[in-house]
Structures are given as structure tokens and as C-alpha cells.
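Novice: The structure under discussion is supplied below as C-alpha cells; questions concerning it will follow.
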Amino acid sequence: DRFKVVNDGQGRAIGDALLKAIGQRLSDCQRDGDTVAHTTSDEFVFVVSGLEKPDDVAPVVRKILDAIAESLLLNGQEMHPTASIGISLYPRDGEDEQILLRNADLAMYRAKEQGRGTFQFYTDEMNERIVTRMTMEKHLRRALENNELVLHYQPQVNLRNGEIIGSE
């Protein structure tokens, strides 16, 4: 969480050191059959295998969150990292890696909305929210192109003397 703040405020060398430390912590949480990969600037993928039921993933994720949240000292600065984790389950949430990764991303964004430092399982509702938002954006763009939007100002009036003092 908030990796850009670290990179911008402390510099890329500290950001890189933080990513290495987080990567090591993830590797330390890895079990036989699990896979950990660093995919983009501040994102990792952790593939957990061999679970009997979906509920078995929550303790694994809590262990990962706890490991990441341990404070560390980088260049004399004490850091308290957190992570937001999105979870998608095969085959319930997708049949291939692209869909599973996309759905895990949607769940991660939801975890960030929930306050960061937590995890969320993917739900179909998350995808519906994205589709609804994209549809609304498409309609708004079309409305702008067709000059279908009109701006109105509402006066703000001083109730004591009836004088207009502003607008909104």
C-alpha cells in the first residue's frame, strides 16, 4: 500500500529495497507447491495451491499480511508496510490466469477502498460495478460530444436581505 509515497518521498533506491524486503517476506510465507512472483512495480502474485476449500485461504492470507506488516529499517527510516490483497479462486472465479488475475485485481482495489491492509475475495458484484461505471462513462462522453449536457448555476442568497452572495 502507498508504495508511490515511499518512492516519491524516500527515493527509488529505498523503494527498491522495500520491494526486495517484501519479496523475501512473501518467499518466507511460501509453502511447497505455492508460487510467488513480482509482476509490476509494486504488485506481487502469490499462487496458493493444495487447499481443500475456499475458507482455507484466509489463514494463509492473514499470515502474509502479518509478515508484510512487520516494521523494518531502511536507510535509517523505520517503515511500517501494509498490503491490500485481492483473492480470486480457481475455478470459481475464472478458468485461466488472465481472468483470475483480473478478478484478483478487482478484489484488491476493493480491499484498498475498505481501508488498506486487508484482503477481499472476488465477487461477481465487483465486475458488475466496473461494467456499470464503464457504461456510465461511455454515455457521459457521448452526451458531451452531442452537447446534451447543460450547466445551471444555483444562486446562494443571503436570507436576511435577499442579496445574491454566490453560486453553486
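The values are calculated or read from the model by the stated rules, or taken from the named source; none is laboratory data. Keep in mind that what you see is a predicted model, and the values were worked out from it rather than measured. Positions of Cβ are backbone-derived with ideal geometry, glycine not excepted, and every protein chain shown enters the neighbour counts. Each accessible area value is taken on the protein alone, full model and side chains, heavy atoms only, with ligands, DNA and RNA left out. Shrake-Rupley method; radii C 1.70, N 1.55, O 1.52, S 1.80 Å.
Novice: Within region 75-139, which strands (runs of 3 or more DSSP E) (wholly inside it) include 2 or more residues that are more than 19 Å from VAL45 (Cα to Cα) and either open to solvent by 80 Å² or more (accessible area, probe 1.4 Å) or modelled with pLDDT under 90 (or both)?
Specialist: Ranges flagged: 77-79.
Novice: Give region 8-38 a look and list any residue that's buried (at least 17 other Cβ atoms within 10 Å of the Cβ) and of a type in the set (D, E, K, R), or say none.
Specialist: Result: ARG25, single match.
Novice: Looking at LEU65 and the list (1) assigned to a helix (DSSP H, G or I); (2) within 24 Å of PHE121 (Cβ to Cβ); (3) out of contact with any Gly (no Cβ under 9 Å at 6 or more places or on another chain), which single condition is not satisfied?
Specialist: Answer for LEU65: the failing condition is (3).
Novice: Only one of VAL5, VAL47 is loosely packed, with under 13 Cβ neighbours inside 10 Å, out of contact with any Leu (no Cβ under 8 Å at 6 or more places or on another chain), free of Cβ contacts under 8 Å to residues at least 40 places away in the same chain and aliphatic (A, V, I, L, M); which?
Specialist: VAL5
Novice: Report yes if VAL60 is under 20 Å from THR118 (Cα atoms), of a type outside the set (Asp, Glu), part of a strand (DSSP E or B) and in contact (Cβ under 8 Å) with a residue 12 or more places away in the chain, otherwise no.
Specialist: Values: under 20 Å from THR118 (Cα atoms): yes; of a type outside the set (Asp, Glu): yes; part of a strand (DSSP E or B): no; in contact (Cβ under 8 Å) with a residue 12 or more places away in the chain: yes.
Judged against the criteria, VAL60 is not a match.
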